[in-house]
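What follows is a short report on a single structure.
The values are calculated or read from the model by the stated rules, or taken from the named source; none is laboratory data. Computed from a predicted structure; not experimentally measured. No Cβ is skipped: glycine too gets one built from the backbone with ideal geometry, and neighbour counts run over all protein chains shown. In case anyone asks, the SASA skips ligands and DNA or RNA and just uses the protein heavy atoms, side chains included. Shrake-Rupley method; radii C 1.70, N 1.55, O 1.52, S 1.80 Å.
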Amino acid sequence: MSQNATAAACGAETAPENVPNRSHQRRWWILLVVSLSMLMGVLDGTIVNIALPSAQHDLGFSDASRQWVVTAYSLAFGSLLLLGGRVTDLAGQKVTFLVGLAGFAAASMVAGAANGFAMLVIARAVQGLFAALLAPSALSVLMTTFTDPRERAKAFTVAGSVAGAGGAIGLILGGVLTQYLDWRWTMYVNVIFAGVAFVGGAALLHRTPRDTSSKLDVPGTLLASIGLFCLVYGFSNGETNGWGSAATRGMLAVGAVLVSVFAWWQGRAAHALLPLRVLLDRNRGASFAALFVTGAGMFGVFLFLTYYLQQSLGYSALNTGFAFLPLIVASSSASAVANNVLVQRIGPRLVVPLGMAIAAAGLVWMTTLDLNSGYVTQVLPQLVLVGIGLGTVIAPAMSLATSGVAAADAGVASAAVNTLQQIGGSIGIALLSTMASDAATGYLSGRNPKNPGVLAQAGLAGYSTAYWWSAAVFVTGLVVTALLYRQGVPQQNENAAPVVHM
């Protein structure tokens, strides 16, 4: 899941009597409830990747279709996140938080009970819809519950730590559930998390009055949501129906036009969904670009490396989860060093492009993986290298994404950060899946497709192609961020809202 939207900043400015404040005795219990909802969202992203090969085997969908299980969620979530933030403004935090939890749990039940590919994908899209409602309300609750700056910093540190740990927990839990129960339990487990959070939220949260001064930018909402949907759908449709199909070209063209009109409209709307002033600062613009690039490259690495470990090397789901842990540890360690040491001394213009270069180098190294590759000697160092690169990019970019924004824009800036990363992931998976599928098909041309050895080599050809293209994406990010980031150490804004990635 993602981040708080506009309501978070607005709600923090005026705390009515019935809104929890820093003297509220239950505020730390509220933090526990909100953190649990964040954990569920982050965990869902990695747990699905581990379970996907088993789900594909059980439901019998093709390699070309498997990307939709991931894309359907991120497509709905990314395209509706800004709207979710505005709905939180209009309906109130408690209502949207509880509705988001209930809807996410119900969609997870349906996904777990899916009897076919279509049912699973639709349920995943509905999960994304309710995640877009839950995420802004969860962070908005934190912003209004912890009004003391020091306590708020502690609360967001806890929430950020939970979100960061969620990826690792999802890898292990996904492996355990898939191997010892069934892949369907990777969906059902969300019901447990959501149920506990719902009971806690219903008991602890106060109803907040609606912000009558806040109005929904209906044209902007429609333009952004439909435009982003068309773009991602067009890219995803390119693999299944070809890039020359009318549906693919039509959706891409319509999406490009609508997003362009959205940008034009935001400069004129009285209550802009995403004010252009948020995007025009060079460091923020560079950060948005960096997170879009990491989303596009990172999601592909997790997807294709999962299939490589399970189908090419024969790893179990549990062992696959453990195999990814070094990447998570390396990324977290590099994040701390990059954001707290390097950026503070030399600035992001050197640090972020360096991270892009490291990630690209790790991906190029991954293209050498074959059916005889050992984990310790080859897979492990490559994972660590990619993890260092990702951490060196993501932490400074997330930190600078809201630096310097006005209080009223902090929430929407945070929402934009997570939206771009989700959309980048959707587009990245679609493009990489297309390249991998084409490479595998090309390898099979003129060979016996019924030979297991030939099929295994075709899979390797697809994975290697995906890693090459991912590396190219990071090289592009290197160039863009090197040009956009300002020289020198950035000035820190203590009033900027913290960013918690979910």
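One table, with the values for the structure above:
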item	result
Single condition PHE262 does not satisfy, out of (1) more than 17 Å from GLY425 (Cβ to Cβ); (2) part of a helix (DSSP H, G or I); (3) at pLDDT below 85; (4) open to solvent by 20 Å² or more (accessible area, probe 1.4 Å)	(3)
In segment 270-298, residue surrounded by the fewest Cβ atoms within 10 Å (Cβ to Cβ) [restricted to those that are closer than 18 Å to PRO353 by Cβ and charged (D, E, K, R)]	ARG282
Filter result (outside any helix (DSSP H, G or I) and not hydroxyl-bearing (Ser, Thr, Tyr)) within segment 62-93	ASP63, ALA64, ARG66, GLY92
Check on THR208, over 30 Å from ALA482 (Cα atoms), of a type outside the set (Lys, Arg), at pLDDT below 85 and assigned to a loop (DSSP other than H, G, I, E, B)	yes
Selected residue [at pLDDT below 90, open to solvent by less than 10 Å² (accessible area, probe 1.4 Å) and closer than 20 Å to ALA289 by Cα] from GLY355, GLY387	GLY387
Residue that is nearest to GLY200 (Cα to Cα), among those in segment 103-119 that are open to solvent by 50 Å² or more (accessible area, probe 1.4 Å) and part of a helix (DSSP H, G or I)	ALA106
Residue count for segment 171-206, restricted to those that are open to solvent by 30 Å² or more (accessible area, probe 1.4 Å) and hydrophobic (A, V, I, L, M, F, W, C)	13
Check on GLY238, crowded, with 19+ Cβ neighbours inside 10 Å, at pLDDT 80 or above and closer than 25 Å to ALA296 by Cα	no
Given (1) assigned to a helix (DSSP H, G or I); (2) of a type in the set (Ser, Thr, Tyr); (3) open to solvent by less than 30 Å² (accessible area, probe 1.4 Å), number of the condition THR377 does not satisfy	(3)
ARG345 vs. criteria within 25 Å of the chain's Cα centre (by Cα), over 22 Å from THR465 (Cβ atoms) and basic (Lys, Arg)	no
Unmet requirement for THR392, which otherwise passes all of (1) farther than 18 Å from LEU291 by Cβ; (2) surrounded by 20 or more Cβ atoms within 10 Å (Cβ to Cβ)	(1)
Inter-residue pairs, beta-carbon under 7 Å, first part of a helix (DSSP H, G or I) and surrounded by fewer than 24 Cβ atoms within 10 Å (Cβ to Cβ) and in segment 417-440, second among the hydroxyl-bearing types (Ser, Thr, Tyr) and at pLDDT 80 or above, 6+ apart	MET435/THR465; ALA439/THR465
Pair list, Cβ under 8 Å, 6 or more apart: segment 37-54 residue within 16 Å of TYR307 (Cβ to Cβ) and open to solvent by 10 Å² or more (accessible area, probe 1.4 Å), other residue of a type in the set (Ser, Thr, Tyr) and assigned to a helix (DSSP H, G or I)	ASN49/THR306; PRO53/THR306; PRO53/TYR307; SER54/THR178
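Here's the yes/no breakdown for (1) closer than 26 Å to VAL393 by Cβ; (2) within 25 Å of the chain's Cα centre (by Cα); (3) modelled with pLDDT of 90 or more:
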site	(1), (2), (3)
ALA408	no, yes, no
THR434	yes, yes, no
GLY442	no, no, no
SER470	yes, yes, yes
VAL480	yes, yes, yes
PRO490	yes, no, no
